[in-house]
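Notes to accompany the following structure.
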Amino acid sequence: MTTSPMRTASAPIPNQSTYQTRVADYWNAEENPVNLELGKIDDLYHHHYGVGDADRSVLDEPDAIKRQDRITRELHRLEHAQAELLASHLGELSPTDRVFDAGCGRGGGSVVANLRYGCQADGVTLSTKQADFANQQARKRGIDDKVRYYERNMLDTGFASGAYAASWNNESTMYVELELLFAEHARLLRRGGRYVVITGCYNDTYGQASREVSLINAHYICDIHPRSAYFRAMARNRLVPVHVEDLTATALPYWELRREADHLVTGIEDSFVNAYRNGSFQYLLIAADRV
Ligand code: GPP
Ligand code: MG
């Protein structure tokens with residue numbers, strides 16, 4: 001007996017999950033002074049934390065207004081150092097190369113890459129507001145012919161296969177499933193291309209997610225992966241690590257300073273300090289070659 005396929009009423013397929021829509025809502029509403037006040041300094045708007053030794057003498061500034069300003073500048077200096085560190089691992093890039101910024105926020109990372117290498121950059125974010133803001137910044141800098149931002153899903157960008165010399169996630173992998181993410185990076189990168197991630201991950205040697213890691217997840221509506229998951233998912237998606245760096249110790253001074261910045265704190269600072277100190281959480285850089 002042959003049967004004919006049953007016809008079902010076709011339901012529209014949403015292009016993003018309800019979870020992703022909630023994440024977009026968060027970033028469309030986000031206006032934390034710690035992001036906007038730091039970004040205003042030089043129009044480099046970062047959505048990640050800082051690395052390196054902090055100049056804590058800014059806390060001793062006697063003038064209250066100057067003290068705030070010096071703390072803001074010092075935090076921005078540390079965040080900028082983190083962006084430069086990531087960019088320094090992208091490999092030899094030339095102005096004809098194209099790079100992909102997965103989870104670009106307000107756009108700072110792509111601008112840093114463009115200023116450093118003259119390369120073209122495509123950034124994606126789930127947030128319309130962030131994409132619009134970042135494109136406006138690129139126009140203001142006169143680099144909008146080379147640096148562009150899109151409201152798109154980093155797991156399914158629609159960009160051309162093999163078109164990218166380098167790509168990265170700067171603190172955005174905790175919003176996605178790593179297998180799906182690395183499959184998309186592997187598709188977009190040309191053979192020999194470079195992938196870089198800087199991320200917070202939970203430490204497998206601690207066990208599972210600590211209370212502090214869970215608080216960070218709740219704060220940002222994200223799902224921090226264990227360290228092991230990165231290497232497993234990379235190995236399955238043609239991404240071979242070439243450099244792995246535990247940045248945890250170098251990430252702490254930023255948080256120890258940020259938690260004293262009354263004009264900038266968001267309430268999550270102690271969770272980061274405690275998570276790093278109790279060994280449950282690590283700040284990691286992985287650079288990998290697309291083979
Ligand atoms: C946001 O940076 C970063 C994340 C939401 C990812 C979570 C990161 C981990 C390492 C777990 P932001 O600059 O927008 O955050 P904030 O507003 O706190 O400065
Ligand atoms: Mg920030």
Average accessible area per residue (Å²) across the chain - probe 1.4 Å, nucleic acids and ligands excluded: 46 Å²
Given axes a ≥ b ≥ c from the Cα gyration tensor, I'd like to know whether segment 91-154 is rounded (a/c under 1.5), prolate (a/b larger than b/c) or oblate. oblate
Out of 169, 278, 135, a Gaussian network model of the chain with alpha-carbon springs under 10 Å gives the largest mean-square fluctuation to 278
May I ask for the longest run of the chain untouched by GluC sites (Glu not before Pro) that are loop-located per DSSP and have at most 10 neighbouring C-beta atoms (other than their own) within 10 Å? 93-291
At a threshold of 8 angstrom on Cα-Cα distance, excluding pairs fewer than six apart, so keeping six or more, what relative contact order does segment 161-269 reach in percent? 27 percent
Anisotropy class of the chain from Cα gyration tensor, a/c 1.5 cut: prolate
About the Cα centre of the chain, how large is the charge dipole given +1 on each Lys and Arg Cβ and -1 on each Asp and Glu Cβ? Please answer in debye to the nearest 20. 1060 debye
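Could you look at the chain and say what percent of its accessible area is carbon and sulfur, using a 1.4 Å probe and all protein chains? Write down the numbers at each step before the final one.
On the way: 6660 of 13460 Å².
Carbon-and-sulfur percentage of accessible area, whole number: 49.
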Report, to the nearest 10°, how far helix 248-258 tilts away from the longest principal axis of the Cα atoms in the chain, using its own Cα long axis and a range of 0 to 90°. 60 degrees
Any lysines whose Cα falls less than 23 Å from that of residue 66, other than same-chain ones fewer than 8 residues away, would be 40
Jot down the per residue volume, in cubic angstrom and as a whole number, of the convex hull over the alpha-carbon atoms of segment 172-254. 112 Å³
Where a ≥ b ≥ c are the square roots of the eigenvalues of the C-alpha gyration tensor, would you call segment 136-291 rounded, which needs a/c under 1.5, or, failing that, prolate if a/b is larger than b/c, or oblate? oblate
Farthest toward the dipole's positive end in the chain, which of 263, 23, 291, given Cβ charges of +1 (Lys, Arg) and -1 (Asp, Glu) about the Cα centre? 291
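The values are calculated or read from the model by the stated rules, or taken from the named source; none is laboratory data. Computed from a predicted structure; not experimentally measured. Positions of Cβ are generated from backbone atoms using ideal geometry, with glycine treated the same way; all protein chains shown enter the neighbour counts. Just so you know, the surface numbers come from the protein's heavy atoms only, side chains and all, with ligands and any DNA or RNA stripped out. Shrake-Rupley method; radii C 1.70, N 1.55, O 1.52, S 1.80 Å.
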